[in-house]
Amino acid sequence: MSITSSNSDIVQKLWNLCDVLRDDGINYSDYVTELVLLLFIKMVHENTEAGLLNKHTLPSGCRWSDLNDKDGLNLLDDYKRILLTLSTGKDSEGNTLHADPLILAIYADAQTRLREPRHLKQLIKSLDSIDWFSAQKDGLGDLYEGLLEKNANETKSGAGQYFTPRALIDSMVRVINPQAGEVIQDPAAGTAGFLIAADSYIKAQTDDLYDLTDKQKEFQKNHAFVGIELVPSTRRLALMNCLLHGMEGDDEGVVHLGNSLGQVGMSLPKADIILANPPFGTSKGGDASITRDDLTYPTSNKQLAFLQHIYRNLKPGGRAAVVLPDNVLFESDRGTDIRRDLMHKCNLHTILRLPTGIFYAAGVKTNVLFFTKGSANDKLQEENCTTNTWVYDLRTNMPNFGKRTPFDQQHLTPFEAVCNVALAERKEGEWSFNAEEVEVESSEVNQGIDPRLAHSRWRVFRRDFIRDTKGDSLDISWLKDANSVDAANLGTPEELAGEAMIELKGALADLEALMKSLGAEVQG
């Protein structure tokens, strides 16, 4: 999924409308929610005009044409009425105007914080001025997705919610290789980025589902994708996002409201594929508390609980790709038990060590774990399923990513090239032609590793090495950081203290000179 230049321009225009919202006293964090309540009505209008959306149309009196020719208080009052009708299905007199469960879910408890009719009118006029014909060619769903990505880039906020970079999502989907007919889940769906990327991938493989039978098309549209999202406002964005991408789901939509670490997660059916970036943090009895009583290893660590849910909820032979922070790889006690259980029940075949700085929280170090339920030879096997784990180090000696140095597809291409070699064809004594060579000391070659892999970011570790040498820790690295300081080359404590004293005296002399040049008298 990529945003074209024309859609990128439109995304920027939409984001600029946030200036209007700010003028009406709306908080920065509420920009997108406020904007998309109106934007969705406009997009449904555009899709209906183009004949692309015929099932989930909005009821009479709640459409774009009921807004764009009004002014003043009548406009604002009518907009509030429309939001109330869309959220309840009834008019002000209690008459039922619509019973579409998906529209009811999207507009559940929807209210506008706009107070000035002129600001609402300005938003409507601006949305009407956009070249929707150009946007329609590229897909309104991708346009909407671009707005969500823009919001994540600009706000960098959210209680434990981290936006997953689009390039990483697409790369994970390509490695997992979802197929039509498979059930694909995300137990921490957010705005449904993983599910939409998987749907786009399958559509690209099937000529936009044209190659499928009517029954297969119906399955893809309504049953192939299921997500769970805890936060109602985020779920609203996810439902809109899915619907604009042609993904309808069941009566509750593609993304259901609930807690995967509670009763909702326990009732989820088994999946062929699970793609997820679970929220970071520890359960403290808040709105994301862990209430599952069916997990083998109880824990307050949400990522460890999510990891248990994910590998337990895969069908035999099912595949998963999960973003997890470093602590999941080395945490002791329960962490060790859960990693050991994972490697028993699943073939943990690949770990991708991600660079720092690609998530919107300072210092967060993350990885992607790729695993398959069962062993390579027996999908029903439940013990000793992992025999080799390949690790790709995309963290060491990588640039500092951010706005000036964005993390994109080019950084993931070498990983995909080696990872997409079939598991049965990955050989311990061979390294792929696309693995980036990085010089390391021969003495740093870990035991249990073929020396011919010593200069690669791509390296294999046998299960017995992980168990016996690493104590079932998966925090595995071998490349030397070019910016690291070797303690053996440092001076004695006395020498270091002397150097520090010289630096401090020099800094003090510079400050005294500055004070005198400013005409100030140095005290003491």
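The values are calculated or read from the model by the stated rules, or taken from the named source; none is laboratory data. As the structure is a prediction and not an experimental result, all values here were calculated from the model. Cβ sites come from the backbone with ideal geometry, for glycine too, and all protein chains shown count toward neighbours. These area figures cover heavy atoms from the full protein model, side chains too; ligands, DNA and RNA do not enter into them. Shrake-Rupley method; radii C 1.70, N 1.55, O 1.52, S 1.80 Å.
Taking all Cα-Cα distances within the range 44-123, those exceeding 14 Å account for 64%. In vacuo Debye scattering of the range 86-131, one point per C-alpha: log10 I(q)/I(0) at q = 0.23, 0.34 Å⁻¹? After summing over all Cα pairs, the log10 values are -0.86, -1.05. Quote the accessible area belonging to Asp208 in square angstrom, nearest 10, computed with a 1.4 Å probe and with ligands, DNA and RNA left uncounted. Taking all protein chains as shown, Asp208 has close to 110 Å². Charged neighbours of Asn420, selected by a Cβ distance under 11 Å, balance to 0 (K, R count +1; D, E count -1).
Both the radius of gyration and Dmax for the range 128-269 are 15.2, 47 Å, in that order, over alpha-carbon atoms. Taking all protein chains together, Val183, Val255 sort by accessible area into Val183, Val255, largest first [probe 1.4 Å]. Ranked from largest to smallest solvent-accessible area, with a 1.4 Å probe on the protein heavy atoms, Arg404, Arg426 come out as Arg404, Arg426. Size descriptors for the range 32-91: radius of gyration and Dmax over Cα atoms are 11.5, 33 Å.
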